[in-house]
Structure formats: structure tokens, C-alpha cells
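Written out below as C-alpha cells is the structure these notes cover.
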Amino acid sequence: MDSIDHIAIPVENVALSVDWYKSTFQCEVTYQDDTWAFLKFGNIKLALVIPTQHPAHIAFVSPEAEKFGALKLHRDGTRSCYVKDPAGNSIEIMAAD
């Protein structure tokens, strides 16, 4: 069974959004820059993304990620590709390594 790694939602200001999530919920910031941030919750990660830099999406981890397309190496060391579901939503498929 594949698992959900994270959900990415669009925000206008990453720093302001990170501050709000940290003060409202118990979460850990595992990465933050001007274009996106990763927040770790007990059961899932939430990515806060600037829409012009990263699409809003849901990310799945799959041992067969390569079947979906060429995987790109990201700055956090993960590898993934993006596909669209039948409704046009962006789906990130992450390698399970």
C-alpha cells in the first residue's frame, strides 16, 4: 500500500504562515525558505508553497515511482515526479528510497 508523504497548500507569505501554524498547532518546522516550508505533524507533513514556485499537490510514496516518469532530485534529497489526476490535480509521486 502506498502512503501519503505530504500535502502542499498555497500560501502568499511562507514566514507568516509558518508562524501561524507553529502558534496554532504543535508541529515541527523541518525546512523553510522564502518559497516553501515543511511542517511535520504526528501523522503527516504539510508543505506551505508559493503558487508561482510550487504547485499545490498531494504527495504519495511509491516503490514504483519510476513508472510515472523521470524522477527529479530535489534539494532535500528526495526524488519525485509530478503527474495530473483525471480532474487535473497535481500529484507528486515520490521514490521510496
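Just a few scattered comments:
- One Cα centroid belongs to region 23-39, the other to region 46-97; the line between them spans 19 Å.
- Candidate lysines for bridging to Lys45, where Cα separation is under 21 Å - those fewer than 8 sequence places away on the same chain excluded: Lys22, Lys72, Lys84
- The chain - accessible surface per residue (Å², probe 1.4 Å): 64 Å²
- Helix 14-24 and the long axis of the chain differ in direction by around 70°, with both axes built from C-alpha atoms.
- Listed options for mean projected area of the Cα convex hull in nm² are [x] 6.3; [y] 7.0; [z] 6.7. The value calculated from this structure is the one marked [z].
- Mean residue ellipticity at 222 nm, helices only, the chain: -3500 deg cm²/dmol; runs of at least 4 DSSP H residues each add -39,500 (n - 2.57), and the sum is divided by the number of residues.
- When the chain is treated as a GNM with alpha-carbon contacts under 10 Å, the residue of Ser62, Ser80, Ser23 showing the greatest mean-square fluctuation is Ser23.
- Simple label model, 7 Å out from Cα along Cβ direction - Thr24 to Phe41, nm: 1.1 nm
- Across the accessible surface of the chain, with the other protein chains kept in place and a 1.4 Å probe, carbon and sulfur atoms take up 55 percent.
- Mean projected area in nm² (Cα convex hull; one quarter of hull surface) for region 38-89: 4.7 nm²
The values are calculated or read from the model by the stated rules, or taken from the named source; none is laboratory data. Since we're looking at a predicted model, the values are computed, not measured. FYI the Cβ positions are ideal-geometry reconstructions off the backbone, even for glycines, and counts take in every protein chain you see. Each accessible area value is taken on the protein alone, full model and side chains, heavy atoms only, with ligands, DNA and RNA left out. Shrake-Rupley method; radii C 1.70, N 1.55, O 1.52, S 1.80 Å.
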